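A short worksheet on the structure shown next.
The values are calculated or read from the model by the stated rules, or taken from the named source; none is laboratory data. Keep in mind that this is a model prediction, so the values were computed, not measured. No Cβ is skipped: glycine too gets one built from the backbone with ideal geometry, and neighbour counts run over all protein chains shown.
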Amino acid sequence: MKKILGISLLLIMFAACSSNNTKDYIEDFTEFTEKVKENHAGYTVEDWKATADEFKEYLDKYNYYKDEMSNEEKNTVRKLRSSFVRQFRTKLKAQ
């Protein structure tokens, strides 16, 4: 009985941590896209390369977390990705 209780407790703790991880991911990605939106006009080519690398990391993390996300969280990530792409395209058109 104690073994079942212990395993149940571990599963509950794991589920709670997974939820926090996806929330942390979305919060971090939101901050990243807001930073890009506010500062993209002054980015150099090197800034864009570093920003694109960071964006790719967020895409990779999404693939890790997406199975744990609700549909609402997935839609939030889609909007964040679109926001980044818009800023990137704006910069390309300006060149």
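Anything in segment 26-52 that is at pLDDT 95 or above, among the charged types (D, E, K, R) and over 15 Å from residue 87 (Cα atoms)? List them, or say none.
27, 28
Any idea which of 72, 38, 46 is of a type in the set (D, E, K, R) and within 16 Å of residue 25 (Cα to Cα)?
Testing whether each residue is of a type in the set (D, E, K, R) and within 16 Å of residue 25 (Cα to Cα) leaves just 72.
Do you know which residues across segment 41-72 are charged (D, E, K, R) and touching a Lys or Arg at 6+ places or on another chain (Cβ under 8 Å)?
Scanning segment 41-72 gives a single hit, 66.
Filter segment 37-93 down to the residues that are outside any helix (DSSP H, G or I), over 18 Å from the mean Cα position of the chain (by Cα) and surrounded by 12 or more Cβ atoms within 10 Å (Cβ to Cβ) and list them by number.
Within segment 37-93, just 43 meets the criteria.
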